[in-house]
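First the structure, in the form of C-alpha cells, and then the observations on it.
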Amino acid sequence: MTVMEQRGAYRPTPPPAWQPRTDPAPLLPDEVPYRVLGTDAAAEADPELLRRLYGELVRGRRYNTQATALTKQGRLAVYPSSTGQEACQVAAALVLEERDWLFPSYRDTLAAVARGLDPVQALGLLRGDWHSGYDPRERRIAPLCTPLATQLPHAVGLAHAARLQGDDVVALALVGDGGTSEGDFHEALNFAAVWQAPVVFLVQNNGFAISVPLAKQTAAPSLAHKAVGYGMPGRLVDGNDAAAVHQVLGEAVAHARAGGGPTLVEAVTYRMEAHTNADDDKRYRADSEVEAWRAHDPIALLEHTLTERGLLDEAGIQAAREDAEAMAADLRERMNQDPALDPMDLFGHVYDQPTTQLLEQEAQLRAELAAQERHHESEGAPR
Amino acid sequence: MTTVAVKPATMAQALGRALRDAMAADPAVHVMGEDVGTLGGVFRVTDGLAKEFGEDRCTDTPLAEAGILGTAVGMAMYGLRPVVEMQFDAFAYPAFEQLISHVSRMRNRTRGAMPLPITIRVPYGGGIGGVEHHSDSSEAYYMATPGLHVVTPATVADAYGLLRAAIASDDPVVFLEPKRLYWSKDSWNPEEPPAVEPIGRAVVRRSGRSATLITYGPSLPVCLEAVEAAQAEGWNLEVVDLRSLVPFDDETVTTSVRRTGRAVVVHESGTFGGPGGEIAARVTERCFHYLEAPVLRVAGFDIPYPPPMLERHHLPGVDRILDAVARLQWEAEN
Ligand SMILES: Cc1ncc(C[n+]2csc(CCOP(=O)(O)OP(=O)(O)O)c2C)c(N)n1
C-alpha cells in the first residue's frame, strides 16, 4: 500500500493536550539589572567580602593600566583591557571554591589573576612566548580562549563529568556579548540545560563586539532572556556593581552545586578602553558615551559604599593602592626581562611521541641554528 | 593628454577598491562580515563601503561565522553575489560546516541548476606577530574540498584583479589574503585599475635557468629576495607565482620546470599534507624525465602555528630556500 492509498483511510486523532515542559515565568530575568550598591541591600552586605572585592578591584585596575603600558613599550603584542569591567572579573574569581573551574575568554586576564594565576603567566598568550602555557589543572583555569564561545561547551562537559563522578564541582564560563551570537554559545546552553549540568554562564555585556553595538548583535530584550528558551534561568545584573555580581553569581553557583542546573547571568557593563590597543574606538562610538559610563565606575561605586558604612578610610584606600602598586611593580619588572626562549621548543608537545617527520624537522632546525652560531662566531658579531 | 599621477597603494587599499568597483558595477554584490561596516574591517579593507552603498550592502553581521556563510548561501540562492569576510584565518573554522557541506557542493548536487557565486575573503598566514589563532595557513583544507576555487594574490595589482575575478566567478571562491602583505605597496594609477584576468593562471615573476621556485601569497617576496641572494652563489632562479591554487596552472609550472630541470615549492603552511606535496607530485608526474633532482619543499614545520616570539624560526626564509637550492645541486651532481 502506498502512502497515497493510505491517506483515504487516515482519520486524524486529536493531539494530546499540549503543556509547556517548564513554566517560563521563574526563568525570566528581572526587568532592570539587579543592584546592591546604592540600595538598601548595601547595608546588609558582608563587610569582609566588600573589602576583599575592593582590594581586588583596585589591583585589577592597576593591572590593566600596567599591561596597557607594557604594550606601548613593546613588551606585549596586544592587550585587551578590561578597565570598567573589573567588577565582573573579580566577582567571577571570588565566587568560586577552589575545586571549581573557570573558563575565561581572552579578555579575562583579571579573573584568572584574581583566582591565583601568576600575573606574568596570565600574559603569556599576549606576550607571545607561548600560547597559554600554564597547566589548567593547577588553579582550575582553562586556557584564556581566543576563538569566541568555543570554551563554553568545554565548561559544560567538564561540569557534567564532575557530576557524573559525584563531585560537587561547578564550572563558570565567561563570554562577551558578541560571543553570544556564535553557534557554540547556543549549543553549550542547550547541552547544559538538557543535562542539568552544574555550570554558570556569565555574559559580560560591555556594549560592543569590537565595533558592533549590542543592537546589531541581538534583537532579544536582553541577553539574559536567551536562557529561557533553553530552559534555564536568566539573571540580569549591574556589571559595575561588584557586590551585586558577586551575589547573583553566588546564587547561581549555589543553585548549580545543589543540583539545580545551569544559569545564564548577563552583567551589564561597559568597555572603557578600545577593543585592544590595535583598535580605534573613535570610529564607532562617541566620547560622550564613554564619559557617561565613567560616572558609574565600579571602583568609585564600591568605595562610596565602603566609606559611607565606615568600612574604609583614607588609610585603607592608600593601603589598597600601595598593594596594587607593588603588584604592578613586580609585573613590570618581570615582564621587562626577556623570556628565555629556546627555538627547539617549537617541536615540544605537538605529540606525546613525535612523528618521524617532526624529528626530521627538529634536526633540520638544530642544524640551521648551529650553522648560524658558527657564522656569528666567525664574524665575531654579537648574538 | 593629461597624465594621471601614479600613487602608491597598499594591498589592503587595492582590495577595498576592488570591492568598491564590483559593488558599483553590480547591485547584486553585497559585502558582509564582522566589523566590515562602521569600522571598515579590522584591516580597513572595507573602509567607506557602508557609507557609499548603505548598510544593506555592506553589513555588520552578528558575530557568527557559520551564520555569515550560511546566510550568504541563501542570499546567493536568491540571486545575490555575497562577498563575506572572515576576520582572521582561524575564525573561519566555525563556517567550515557551511563551506564543506553546502557552499562547495551546491552546484554539483543540483546538477548545475544552482551555482553559488560567493566570495569568501580570509586573511591568512603569519609574520605579523599575531597571538594564537591569528596566523594559520589553512589553504590545504580549502584545496582538499572539491567545488571551491582557492586564490591568493601576492602583489597589489593581483589583489585588485583577482578579487574582481573572484566576485565575477559563478563558483564559490576562497580568497586568501596574505595579511603580512596588506601594507605592501605598489605604484597605482587610480584612474586605471589593474587588469582583471580569469582566475587560474600562474605567472613567472623572475626568469632564470638554474631552478624554479614555485610559490604563492606571503612567500613570494621571500622567494624574490632569495633570487637576489642566490645570484651571489651563481644561481639563476626562476620564480613562478601560482596566484591560484585551484584551479592549478599546470602549464606554466610544467613549462618552467622542464626548462630549469629543478624545482622547490615554497609556502608557509605545514609540510606534511600541505599544498607542496600535491604540487611536487604534479610536477614529478609531468616533468619526470626533465628533472635533475627531486622536487623539494620548503614549508612550515608540522606544528601548531607558533607563538610570535618563535615564528621567525618556523617561517620559511631566504636561508632555508637557499639550502634547498644547494641540495638540488648536490642531488644533481651525485
Ligand atoms: C570565532 C571568532 N570569530 C571572530 C573573532 C575575532 N574577534 C576577536 S574579539 C571580537 C569581538 C568580541 O566581542 P565580545 O564577544 O562582545 O567580547 P569583548 O571583546 O567585548 O570582550 C572578535 C570579532 C574571534 N576571536 N573568534
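Read the figures in this text as sums done on the coordinates, not as results from a lab. Computed from a predicted model, the values in this text were never measured in an experiment. FYI the Cβ positions are ideal-geometry reconstructions off the backbone, even for glycines, and counts take in every protein chain you see.
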Cut-off under 5 Å, modelled amide H: who pairs with B:Val265 long-range: B:Ile214, B:Leu296, B:Arg297, B:Val298
Calculated SAXS-style log₁₀ I(q)/I(0) at q = 0.12, 0.13 Å⁻¹ - chain A, Debye, Cα scatterers: -0.95, -1.08
Within a Gaussian network of chain A (alpha carbon springs, distance under 10 Å), most fluctuating of A:Thr356, A:Thr305, A:Thr71: A:Thr356
Inter-centroid distance (Cα atoms) of the range B:7-22 relative to the range B:222-280, Å: 27
The range B:283-322 and the range B:88-146: distance between their alpha carbon centers, rounded to Å: 23
Chain B, dipole about Cα centre (Lys/Arg Cβ +1, Asp/Glu Cβ -1), debye to the nearest 20: 560
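When you look at the Cβ of every residue in A:128-134, what mean number of other chain Cβ atoms sits within 10 Å? Walk me through the intermediate numbers first.
Working: counts 10, 4, 5, 8, 2, 1, 0.
Partner-chain Cβ atoms within 10 Å, mean over residues of A:128-134: 4.
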³J(HN,Hα), Karplus 6.51/-1.76/1.60, whole Hz, each residue of the range B:79-85, x for Gly, Pro: x, 8, 10, x, 10, 9, 10
Net length gained if the chain between A:Glu187 and A:His304 were fully extended (0.36 nm per residue, minus Cα distance): 38.0 nm
Candidate aspartates and glutamates - alpha carbon under 20 Å from A:Lys226, same-chain residues fewer than 8 apart omitted: A:Asp23, A:Asp30, A:Glu31, A:Asp177, A:Glu182, A:Asp184, A:Glu187, A:Asp238, A:Glu251, A:Glu266, B:Glu65
MRE, 222 nm, helices only [DSSP H, n ≥ 4, -39500 (n - 2.57), over chain B, to nearest 500]: -10000 deg cm²/dmol
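For chain B, calculate the relative contact order in percent as a whole number, restricting contacts to Cα pairs under 8 Å that are 6 or more residues apart.
Worked out over chain B, it gives 16 percent.
For A:Val350 and B:Tyr78, FRET efficiency with R0 = 30 Å and r from the beta-carbon atoms, rounded to 0.05?
Details: r = 45 Å, r/R0 = 1.50.
Rounded to the nearest 0.05, the efficiency is 0.10.
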Degrees between helix B:65-77 axis and first principal axis of chain B (Cα, 0 to 90, nearest 10): 70
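May I ask you to list the chymotrypsin sites (Phe, Trp or Tyr not before Pro) in the range B:1-84 that are in a DSSP loop and have at most 10 other Cβ atoms within 10 Å of their Cβ? It would help to have the intermediate numbers written out before the result.
On the way: sites: B:Phe43, B:Phe53, B:Tyr78; in loops: B:Phe43, B:Tyr78.
The qualifying sites are B:Tyr78.
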For the range B:1-141: relative contact order, % (alpha-carbon pairs under 8 angstrom, 6 or more apart): 20
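Treating only the Cβ of Lys, Arg, Asp and Glu as charged (+1, +1, -1, -1), what charge dipole size does the range A:102-179 show about its Cα centre? Round to the nearest 20 debye. Could the numbers behind the result be given before it?
Values: 7 positive and 8 negative charges, 5 e Å.
The dipole of the range A:102-179 has a size of about 20 debye.
In debye, nearest 20: dipole of chain A around its Cα centre with unit charges on the Cβ of K, R (+) and D, E (-)?
Details: 35 positive and 55 negative charges, 196 e Å.
In total the dipole reaches around 940 debye.
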Packing-based exposure ordering (other Cβ within 10 Å, fewest first) of A:His296, A:His275, A:His255: A:His296, A:His255, A:His275
Cα→Cβ-extended label distance, 7 Å offset, between B:Thr254 and A:Asp118, nm: 5.8
Sequence ranges B:16-24, B:237-245, A:146-154, ranked by mean other-Cβ count within 10 angstrom, highest first: B:237-245, A:146-154, B:16-24
Selection from B:Trp330, A:Pro233, A:Ile141, by position along the positive dipole direction of the protein assembly as shown (Cβ): B:Trp330
Förster-model FRET efficiency, 22 Å R0, A:Thr22 and A:Gln165, C-beta, rounded to 0.05: 0.20
Spin-label model distance (nm) - B:Gln329 vs A:Glu291, 7 Å beyond Cα toward Cβ: 6.9
Extension reserve of the A:Arg137-A:Ala254 stretch, reckoned as 0.36 nm per residue once the Cα distance is removed: 39.9 nm
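Starting from 0.36 nm per residue, how many nanometres of slack lie between B:Lys7 and B:Thr110 once their C-alpha separation is accounted for?
Details: separation 103, 0.36 × 103 = 37.08 nm, distance 4.64 nm.
The B:Lys7-B:Thr110 span can extend by a further 32.4 nm.
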Listed peptides B:252-261, B:135-144 by packing density, highest first (mean Cβ within 10 Å): B:135-144, B:252-261
Inter-site label distance for A:Ala43 and A:Ala340 at 7 Å from Cα along Cβ, in nm: 5.9
Neighbouring partner chain Cβ atoms per residue of A:173-183, average, 10 Å criterion: 3
Angle between chain B longest axis and helix B:156-168 axis [Cα atoms, degrees, rounded to 10]: 50
Between helix B:220-232 and chain B: long-axis angle, C-alpha atoms, 0 to 90°, nearest 10: 20
Average partner coverage of A:326-337, which counts Cβ from other chains inside 10 Å: 0
Most fluctuating residue given options B:Gly147, B:Gly130, B:Gly217, as computed from a GNM of chain B linking Cα atoms under 10 Å: B:Gly130
